[in-house]
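Just below is one structure, and these are the notes that go with it.
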Amino acid sequence: MFIERSAARIRLARTLFVLLGVLPCAGLCGWAAVRHSSVHRDSIERRCEQVIGLPFRIGSVEHVRPNAMRLHDCRLSSASGAVVLSATMIEVETLPHEMRLTLGRLDCTPALARVLVGLAEAWLRQPVRFPVDCVVDVDDFSWRLRSSVGPGGTHPRDPTRMASPSHGLHVECVAANGSRAVRVRRNADGAAPDELRVVAGSLGAATSPADVRQGDSEPEPDQGSAQRLEVSGSLSEPLPIAVFEAVCGIEAGSLPLGDEATVSGTIDAVFDGGLSSGSSRARVERIDLAAASLHLPHRVSGEALLAIEKLEWNRSRITACECQGSVSRGRVGQRLLDACVSVIGCRPGPAYRSLAREEVRSFDDVAALLRIGAAGADLRATPGWNGSLARIQGLSILDEPPGVVPLERLAWLLAPPGAPAVPASRATAWLLGWFSIDAPGAAAMLPRVAPATQ
């Protein structure tokens, strides 16, 4: 017995099978092939490079869920072509008004810090280039003094290169009501988290850093007004000096304090029109005086600690400073001791000169308190030292001056021996450029200051 067939029904069934089964399956396979192809990966690389402005390479792309993907074996290069970042995986989640980046581990070198600071500055000043908010989370973040990227993108593990313990890092780049802000927060063991906030607004915005910290919005700035930056932050965990230079965006080696020097403290400042005003506290440890005095006329050696209890400046000129310095065992030239006596009025102690008339003297310890204000510099010995600034074998080498010293004499102290009063040199020009010299007699001397030679 034969089953009756209808040619029309067979054609309909075959057509439906092709339309609802074969074509969707072929389209899905084709879409999956494109997503895993080098063409798709290259297109993502190009989009990243357009935003970052630097070469960026991706090993492979994994789509984990809608609007979220994982980028494997990522490498970011600087403008010079050197690889500054090599990440095993970066998870990217794209939302309508926000982008979230998650990294499991990141070892940040000074070179990478300079790149990231440049990106943060671009985000603050170029809203068209960065139209959406950005949130970055790093589970395991640490500072490194040297690159952790070896040949071929490898990651050599060398504990001696670690500059800080590993902690989590959270970065927020947000925009609201015409202002843009970057907030960086890093957890620390048993202490308040390190945090830095930078807010970019207009000069006409009637806000303060305190208002921004409380989450208050700023009024819409004038399109024609200039932009200013409000910076507030605290750093409890000591930061290596090379990393500090990179984070501050200053030239490497501008703070020649030695490779082991570290910085911690707080800052609250406003930058506008190329000038800055604010206040800060800082603690600079493990200063190598041999490196710090390399370009000065007087040589000193030893390890120093500088605790700045108060530092205030207005329009890029220091108005008040209170600090305490100490130096462990080291050596100092007799010419510097002579300059301290003849220039800033220190008094010779019983051990001012050695019996052998040595040109380079040894000392056991140095400690002093320095206050700088409108009247000048007040240099005092540490309480309990009986007026002594430097000692050897219990005897004073140098005693504190009897009174306040005019600020211009600090420039004389940095002058080479036998040079005219306030000679033109990098050291004196730097010092006179930072301080407001209003002490008596300063006006008569300033016309004699020549431009610093390069």
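Results, tabulated for the structure shown:
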{"quantity": "Cα centre as origin, Lys/Arg/Asp/Glu Cβ charges: the stretch 32-133 dipole, Debye", "calculated": "120 debye"}
{"quantity": "Cα gyration tensor category, rounded, prolate or oblate, for the stretch 70-134 with a/c compared to 1.5", "calculated": "oblate"}
{"quantity": "Length added when fully stretched, D42-A269, from 0.36 nm per residue minus Cα-Cα", "calculated": "77.5 nm"}
{"quantity": "Point-to-point label distance, A320-A122, nm (Cα→Cβ direction, 7 Å offset)", "calculated": "4.1 nm"}
{"quantity": "Average accessible area per residue (Å²) across the stretch 311-372 - probe 1.4 Å, nucleic acids and ligands excluded", "calculated": "54 Å²"}
{"quantity": "Between the stretch 56-83 and the stretch 253-277, the Cα center-to-center distance that results, in Å", "calculated": "33 Å"}
{"quantity": "Kirkwood hydrodynamic radius of the stretch 37-154, from inverse mean 1/r over distinct Cα pairs, in Å", "calculated": "15.0 Å"}
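The values are calculated or read from the model by the stated rules, or taken from the named source; none is laboratory data. All of these numbers come straight from a predicted model, not from anything done at the bench. Backbone-built Cβ (ideal geometry, glycine too); neighbour counts: all protein chains shown. The accessibility values were calculated without ligands, DNA or RNA, using every heavy atom of the protein model including side chains. Shrake-Rupley method; radii C 1.70, N 1.55, O 1.52, S 1.80 Å.
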